[in-house]
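Presented below is the structure to which this report refers.
The values are calculated or read from the model by the stated rules, or taken from the named source; none is laboratory data. Source: prediction; values computed, not measured. Please note: Cβ atoms are built from the backbone with ideal geometry, for glycine as well, and neighbour counts cover all protein chains shown. Quick note on the areas: whole protein, heavy atoms, side chains included, nothing else; ligands and nucleic acids left out. Shrake-Rupley method; radii C 1.70, N 1.55, O 1.52, S 1.80 Å.
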Amino acid sequence: MSVLNYKQLSAPSNIAVLKYWGKKDGQHPINPSLSFTLKNSKTNLNYKFKKRDDRKIQIVEFKFDKCENVSFKEKLESKIQKIMTDSIVPFGVDLWIDTHNTFPHSAGIASSASSMAAIVKMFAEIYSIYNINQLSSLAREFSGSACRSISLGWNLWGETLLHSDANQDFALNINSRVHPDFHSLQDWVFVCSHKSKGVSSTDGHKLMDKHCYLENRLTNVHNRLKVFFKLLEVKPSIDFFNILEQEALDLHALMMTSNPSVMLIEPESLILMKKITDLRSQGLNCGYTLDAGSSVHLLFPLSELDQMNSLMHRKYFGHMGLDFVDVIYDECISC
Ligand code: PMV
């Protein structure tokens, strides 16, 4: 009997500076979004497969952190059935999958982006799919933001008049348009709560369908993208961090003013957000962003690392276990 060997791969998570929030026409965004991939926060995936005589993709075993996860396996199988159609799949396979995230659950780091990008990379290897755009498009179908985790670095997803190649189907890598200092941008994630988010991103996106501020949101996001494009061409600046924070606040304001209202920011998040803005007003080049959760991402250029380490040492951000639950030290990875 042939012995199957496990193959290994990994895919990074990403953090958006301009947020994808709201869907239309299935898995397409209502607005363009912009993100960078993270170096340390990733999904490691081991898999083995055996060809089948039919065209079916069957997950024999799905393990997360060495434990079988039947509910995730079932969800994944139903997505696979919808997305991996006969035109992409020349032969069926039995699959054994074993995954691990390098970052804790509910840390405020998108695990769907890294895990779904990892699943797509696995299919890329099995079915020899080399086209990056096609892979990004497949990842989008598994989970929107995952399309920005196929190419390393800065990725733009969604139509905009500002870039003729930008489109709804796959993310476009824009590393060459971004100043080198943005390729080493630091991201320290302060985890403020281990409580689950309270709203899935699928339900969150739906809140935008009839949102009273929808039109304003669309106008803001397109104007903001224009400014981001300009600011990303030069060294990270105070203006960049100002607009970064405006965008994060917009996302949460939209959630809070939706019906039903969603409040994800915790008191600990607010304290950290104010501390970070204060640092900027004192001349430190930094700012925060938040995803759909309570964790606060502190972003700053590598040139501020010594200052930040010293602030951390002096407990400027507070005490771990008291003022925040955990810190994940991460940074952009572009190659
Ligand atoms: O990919 P989803 O459906 O999990 O949506 C992610 C949405 C945000 O993380 C809040 C924003 C973004 O652009 O990543």
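Once every DSSP H run of n ≥ 4 in the chain is given -39500 (n - 2.57) and the sum is divided by its residues, what mean residue ellipticity at 222 nm do you get, rounded to the nearest 500 deg cm²/dmol?
On the way: 8 runs with 109 residues, N = 335.
That comes out to -10500 deg cm²/dmol.
So how far apart, in nm, are the two label points at Glu77 and Ile132 if each is 7 Å from Cα heading toward Cβ?
3.5 nm
I want to verify a result. In a Gaussian network model of the chain, Cα cutoff 10 Å, which of these has the top mean-square fluctuation: Ser33, Ser196, Ser78?
Top of the fluctuation ranking is Ser78.
Just report the Cα centroid separation between the range 138-157 and the range 258-272, whole Å.
Each part reduced to its Cα centre gives a spacing of 26 Å.
Cross-link partners among lysines for Lys235, C-alpha distance below 17 Å, same-chain residues fewer than 8 apart left out?
Partners within reach: Lys226.
Looking at the square roots a ≥ b ≥ c of the eigenvalues of the Cα gyration tensor of the range 186-244, which shape do they give, rounded for a/c under 1.5, prolate if a/b is larger than b/c, or oblate? Let's see the in-between values first.
On the way: a/c = 3.37, a/b = 1.23, b/c = 2.74.
Since a/c reaches 1.5 but b/c is at least a/b, the shape of the range 186-244 is classed as oblate.
For the range 276-292, what does the Karplus curve 6.51 cos²θ - 1.76 cosθ + 1.60, with θ = phi - 60°, yield as ³J(HN,Hα) per residue in whole Hz, taken in order and with x for Gly and Pro?
6, 4, 4, 4, 5, 5, 8, x, 7, 7, 7, x, 10, 9, 9, 8, 7
Just name one of Val70, Leu45, Val60: the one whose Cα is farthest towards the positive end of the charge dipole of the range 18-75 (beta-carbon charges, Lys/Arg +1, Asp/Glu -1).
After comparing all options, I get Leu45.
Between Gly287 and residues 5 or more places away or on another chain, which pairs have amide H atoms under 5 Å apart, with H built 1.01 Å from N, and which residues are they?
Excluding prolines and chain starts, which carry no amide H, the hits are Leu299.
Answer rounded, prolate or oblate for the range 36-159, using the Cα gyration tensor with square roots of eigenvalues a ≥ b ≥ c: rounded when a/c is under 1.5, else prolate when a/b is larger than b/c, else oblate. Numbers along the way, then the final one.
Values: a/c = 1.93, a/b = 1.21, b/c = 1.60.
In terms of gyration-tensor shape, oblate.
Say a paramagnetic label sat at a point 7 Å from the Cα of Leu4, along Cα to Cβ; which residues of the range 64-99 have their backbone N under 15 Å from it?
91-99
Applying the Karplus parametrisation 6.51 cos²θ - 1.76 cosθ + 1.60 with θ = phi - 60° to the phi angles of the range 304-315, what ³J(HN,Hα) value in whole Hz is obtained for each residue in order, glycine and proline being reported as x?
These are the phi-based 3J(HN,Hα) values: 9, 4, 4, 4, 5, 4, 5, 4, 5, 4, 7, 6 Hz.
Between the range 15-82 and the range 160-208, how many Å separate their Cα centres?
Result: 16 Å between the Cα centres.
Which of Lys19/Lys230; Lys82/Lys195; Lys42/Lys206; Lys23/Lys274 have a Cα-Cα distance over 24 Å? Provide the component values of the computation, followed by the final result.
Details: Lys19/Lys230 18 Å; Lys82/Lys195 31 Å; Lys42/Lys206 27 Å; Lys23/Lys274 31 Å.
Lys82/Lys195; Lys42/Lys206; Lys23/Lys274, as the Cα separations exceed 24 Å there.
With no solvent and one equal point scatterer per Cα, compute the Debye intensity ratio I(q)/I(0) for the range 105-222 at 0.10, 0.17, 0.20 Å⁻¹ and report its log10, rounded to two decimals.
Treating every Cα as an identical point scatterer, log10 I(q)/I(0) equals -0.39, -1.11, -1.32.
Springs between alpha-carbon pairs under 10 angstrom, Gaussian network model over the chain: which of Ser164, Ser114, Ser184 fluctuates most?
Evaluated over the chain, the most mobile residue of the options is Ser164.
What does the convex hull of the Cα atoms of the range 98-159 come to per residue, in Å³, rounded to a whole number? Spell out each step's value before the answer.
Values: hull volume 6.1 nm³, N = 62.
It comes to 98 Å³ per residue, whole-number rounded.
To the nearest 20 debye, what is the magnitude of the charge dipole of the range 77-178 about its Cα centre, counting +1 on the Cβ of each Lys and Arg and -1 on the Cβ of each Asp and Glu?
Working: 6 positive and 9 negative charges, 60 e Å.
For the range 77-178, the charge dipole is close to 280 debye.
What number, in percent, do you get for the relative contact order of the chain if the mean sequence gap of Cα pairs under 8 Å and at least 6 apart is divided by its residue count?
Numbers: 683 pairs, mean separation 72.7, N = 335.
Here the relative contact order equals 22 percent.
Run the numbers on the range 51-200 and let me know its relative contact order in percent, using alpha-carbon pairs under 8 Å that are six or more apart. Present the calculation step by step, with values, prior to reporting the outcome.
Values: 200 pairs, mean separation 28.2, N = 150.
For the range 51-200, the relative contact order is 19 percent.
Considering only Ile119, Ile265, Ile88, give the residue with the highest GNM mean-square fluctuation for the chain, with springs between Cα atoms whenever their separation is below 10 Å.
Sorting by GNM fluctuation, first place goes to Ile88.
Have a look at Val327, Ser237, Ser10 and report the one farthest towards the positive end of the charge dipole of the chain, computed about the Cα centre with Cβ charges (Lys/Arg +1, Asp/Glu -1).
Selected residue: Ser10.
For a distance above 30 Å, tell me the whole-number percent of Cα pairs in the chain that qualify. The partial results should precede the final answer.
Numbers: 19549 of 55945 pairs.
Roughly 35 percent, rounded to a whole number.
Just to verify a number: FRET efficiency for Ser196 and Asp65, C-beta to C-beta distance, R0 = 22 Å, to 0.05?
The computed FRET efficiency comes out at 0.85.
Using alpha carbons only, how many angstrom separate the centre of the range 285-313 from the centre of the range 96-128?
25 Å
Given a cut-off of under 8 Å on Cα pairs at least six residues apart, what relative contact order in percent is computed for the range 228-335? Let's see the in-between values first.
Working: 93 pairs, mean separation 23.6, N = 108.
Computed over the range 228-335, the figure is 22 percent.
Give the lysines reachable from Lys7 as a straight Cα distance under 16 Å; neighbours fewer than 8 places away on the same chain don't count.
The reachable lysines, counting only those whose Cα sits under 16 Å from Lys7, are Lys48, Lys50, Lys51, Lys63, Lys66, Lys121.
Using a probe of 1.4 angstrom, how much of the accessible area of the chain is carbon and sulfur, in percent? Before the final figure, lay out the partial values.
Working: 7960 of 15410 Å².
Answer for the chain: carbon and sulfur cover 52 percent of the accessible area.
Suppose the chain between Thr85 and Glu159 were pulled fully straight at 0.36 nm per residue; how much longer would it get relative to their current alpha carbon spacing?
On the way: separation 74, 0.36 × 74 = 26.64 nm, distance 2.56 nm.
Roughly 24.1 nm would be gained on extension.
On average, how much accessible surface per residue is there in the chain, in Å², for a 1.4 Å probe, leaving out ligands, DNA and RNA?
Values: 15410 Å² over 335 residues.
Heavy-atom SASA per residue in the chain reads 46 Å².
No solvent, one uniform scatterer per C-alpha: report log10 I(q)/I(0) for the range 161-285 via the Debye equation at q = 0.12, 0.13, 0.22, 0.23 1/Å, two decimals.
-0.61, -0.72, -1.41, -1.40
Along the principal axes of its C-alpha atoms, what lengths does the range 1-87 span, in descending order and rounded to whole Å?
Principal extents (largest minus smallest coordinate, Cα): 52, 32, 24 Å.
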